[in-house]
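Here's the structure, in structure tokens; my notes come after.
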Amino acid sequence: MTRRFVVEADGGSRGNPGPAGYGALVRDADTGKVLAERAASVGRATNNVAEYGGLVAGLQAALDLDASAEVEVRMDSKLVVEQMSGRWQIKHPDMRQLALQARAIASKLGGVRYTWVPRAQNGAADALANSAMDGRPVHRDAAAEPSVAETDVQPEEPAPAITTVTHLLRHGQTEHTPERRYSGRNELPLSRTGRAEAEAAAARAAQLGIEVVVASPLRRTRETAEIVAAELGLPVQFDDDLVELDFGDLEGLTADEARSKHPLAVRRFATDVRVAAPGGESVADVAARVARARRRILERHAGRTVLVVSHVTPIKLLLAAGLGVAEDVVHRVFLEAASLCTVAWSSDGRSAVRLVNDTAHLR
């Protein structure tokens, strides 16, 4: 009997073009059971390119399950459905290449047809795409049903989840901090107050069982990390992806000065995470590189307790990832200089924010 699958696929971009990712899943058409899930980043791309990425991933997952299966692809992208159905032309070179790839995979299946569905009916694929854009790729396959010969075999116990704890320390004060000036890629040193804050944070860190120290290489974070690491007897590992947002033309200005000089740009930058500071970066840009840093930390230091010394924006984005919320939460969280946050990450994909903006060690 020919198996029938439903592929649900979607893609998205935070910026269009911007950091992009796709999501796709394969269901058994008769039971609705999810048989496979895929989500991955496609780098910087448009929504449509990301949607094609989801289509390719979904078709490949269906092919891997059963090459003889008949497949219905359901997407909320009218463009992709019409183009893959042969009714609309494909002019974009990247989309054309992905469409050729999708058709090559489809030709190996028992049959493929394309159906447009409203966005509300494509929520599972959309959630996977957002997981990819949040730096959480997915590659899951449902366990196969055991054969008769296998039913007497005792299944192996699943491996226990591994928890990695990250303590997130904002650097101590610089001369910009008291006046709350935009402070991005500058190399200002810690002020006298900032060094005292770093020393207090070091005493606190000595109680946390920290095994690894990772830091932004900018001077204020480097100095903070080195003071703490000396107390712990650990080396400092530097990661360029943990540097602060590049504020461009706003660097060194107070909020009032920035609004006076760049009124429209500041308003857009402050309300839309996809909009870059004039001459600088957007929050979404920072989110993409912070996600890379997070993946490296969790892969290289799995099961350990890690101190991450960074800046306001990267730490807020790590908190957002831990909470599973959108990046615009950065506008609704305040972090003091030398404050401490904690996020625990489990290898089964779960995370928990345990502490936010703790400054008890500074009193």
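Check whether at least one residue in region 177-199 is crowded, with 21+ Cβ neighbours inside 10 Å, more than 29 Å from the chain's Cα centre (by Cα) and assigned to a helix (DSSP H, G or I), and report yes or no. Within region 177-199, one or more residues are crowded, with 21+ Cβ neighbours inside 10 Å, more than 29 Å from the chain's Cα centre (by Cα) and assigned to a helix (DSSP H, G or I).
Pairing each residue of region 210-221 that is outside any loop (DSSP other than H, G, I, E, B) with any residue that is of a type in the set (D, E, K, R), provided the two are 6+ apart or on different chains, yields C-beta distances under 6 Å for Val212/Arg304; Val214/Asp239; Arg219/Glu187. Every condition in (1) in contact with an Asp or Glu (Cβ under 8 Å, 6 or more places away or on another chain); (2) free of Cβ contacts under 8 Å to residues at least 60 places away in the same chain; (3) buried (at least 16 other Cβ atoms within 10 Å of the Cβ); (4) part of a loop (DSSP other than H, G, I, E, B) is met by Ile227 except one, and the failing one is (4). If the condition is being under 21 Å from Ala62 (Cβ atoms) and either polar (S, T, N, Q) or over 30 Å from the mean Cα position of the chain (by Cα) (or both), then region 83-102 contributes Gln83, Ser85, Gly86, Gln97, Gln101. Looking across region 56-84, the residues that are farther than 20 Å from Gln121 by Cα and of a type outside the set (A, V, I, L, M, F, W, C) come down to Gln60, Asp64, Asp66, Ser68, Glu70, Gln83.
We did not get these values from a lab; they are worked out from the coordinates using the rules stated. Everything numeric in this text was worked out from a predicted model, so none of it was measured. Don't worry about glycine lacking a Cβ; one is built from the backbone with ideal geometry, like all the others, and counts go over all protein chains shown.
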